[in-house]
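Here's the structure, in structure tokens; my notes come after.
We did not get these values from a lab; they are worked out from the coordinates using the rules stated. Every value quoted in this text rests on a predicted model; they were computed, and no experiment measured them. Don't worry about glycine lacking a Cβ; one is built from the backbone with ideal geometry, like all the others, and counts go over all protein chains shown.
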Amino acid sequence: MGPGAYLLFRRGRAAYTGRSDSDVERRARASVNEGNYDTNYSIYFTSSPRRAYIQECRLFHRHKPSDNQIHPRVPVGANWRCPMKGCPWS
């Protein structure tokens with residue numbers, strides 16, 4: 001329980017990345033159940049919602065998951081920027 005990001009796979013390939021600012025394990029399990037994803041996935045626990053956003057951005061840029069159509073969203077009211085150089089969201 002706690003904030004973090006996760007990476008889901010389909011047939012062994014990165015297919016989706018997401019995050020939760022409160023319970024990453026629960027959100028990852030729900031995402032697996034919502035889509036046609038492998039039952040093994042990676043969870044990255046973080047110390048804060050901001051760190052979860054940064055981790056999700058890194059996963060998004062590194063793996064280019066096929067099911068993510070848009071860049072990870074910043075929570076309403078936050079002025080966080082993507083940590084990846086050259087990203088329009090940085």
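General observations
- Residue order for Val32, Val24, Val74, fewest other beta carbons within 10 angstrom first, comes to Val74, Val32, Val24.
- Protection-proxy order for peptides 34-47, 58-71, 2-15, 77-90, each taking the mean of Cβ atoms within 10 Å per residue, highest first: 2-15, 58-71, 34-47, 77-90
- Annotation: extensible slack from Ser48 through Val76 equals 8.5 nm (criterion: 0.36 nm per residue apart, minus Cα-Cα distance).
- Cα-based helix-to-principal-axis angle, 49-63 vs the chain, degrees rounded to 10: 60
- Arg13-Ser90 pseudo-label distance in nm [points 7 Å out on the Cα-to-Cβ vector]: 2.6
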